[in-house]
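Trainee: Okay, handing you the structure first.
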Amino acid sequence: MDREVRKIKQGLSLKFSELVYNGFWHSPECEFLRECIGRSQEAVLGTVRLSVFKGQVYILGRESPRSLYNEELVSMNVQGDYEPADATGFININSLRLKEYHRLQSKVTVKQDE
């Protein structure tokens with residue numbers, strides 16, 4: 001799973017556990033969540049090695065032929081389609097909402113001071 005799908009699935013998992021805990025296994029919303037969670041797992045394939053000790057579970061390793069991790073893409077030593085200017089553009093785009101937030105906050109602060 002990629003990061004964004006995993007974040008959504010984690011939120012659904014919390015709601016799912018709440019529904020099950022409260023006895024709503026057969027409710028329509030729980031059925032919907034089971035379908036969503038099941039759909040997110042369709043492409044998951046691999047092996048996870050675990051250690052269980054005193055009620056704790058430790059992940060020792062994981063391996064998957066469908067892993068999204070690609071060492072060549074994340075390495076700074078491998079030349080690819082990524083240019084340093086791309087980082088600047090990414091930062092500028094993602095900072096727009098923060099700049100706007102701070103612009104609006106300064107207007108609120110000025111009005112409160114008046």
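The values are calculated or read from the model by the stated rules, or taken from the named source; none is laboratory data. All values reported here derive from a predicted model rather than from experimental measurement. Note: ideal-geometry Cβ built from the backbone for every residue, glycine included; neighbour counts use all protein chains shown. Please note that ligands, DNA and RNA were not included when accessible areas were found on the heavy atoms of the full protein model with its side chains. Shrake-Rupley method; radii C 1.70, N 1.55, O 1.52, S 1.80 Å.
Trainee: Given a 1.4 angstrom probe, what's the average accessible area per residue across the chain, in square angstrom?
Mentor: Averaged over the residues of the chain, the accessible area is 93 Å².
Trainee: Another question, if that's okay. So for the chain, what are the equivalent ellipsoid semi-axes in whole Å, largest first, each being the square root of 5 times an eigenvalue of the Cα gyration tensor?
Mentor: 37, 29, 15
Trainee: Tell me, what HN-Hα J-couplings in whole Hz come from the Karplus equation 6.51 cos²θ - 1.76 cosθ + 1.60 at θ = phi - 60° for each residue of the stretch 20-35, using x for Gly and Pro?
Mentor: 5, 4, 8, x, 9, 4, 8, 7, x, 5, 6, 4, 4, 5, 4, 5
Trainee: Using a 1.4 angstrom probe on heavy atoms only, work out the carbon and sulfur share of the accessible area of the chain in %.
Mentor: Carbon and sulfur: 57 percent of the exposed surface of the chain.
Trainee: Ordered by packing density, taken as the mean number of other Cβ atoms within 10 Å over each peptide's residues, highest first, how do 101-109, 12-20 rank?
Mentor: The peptides rank, most packed first, as 12-20, 101-109.
Trainee: May I pose another question? Pick out, in residue order, every one of the GluC sites (Glu not before Pro) in the stretch 30-59 that is DSSP loop and has at most 13 other C-beta atoms within 10 Å; say none if there are none.
Mentor: Here the sparse-neighbourhood loop sites are Glu42.
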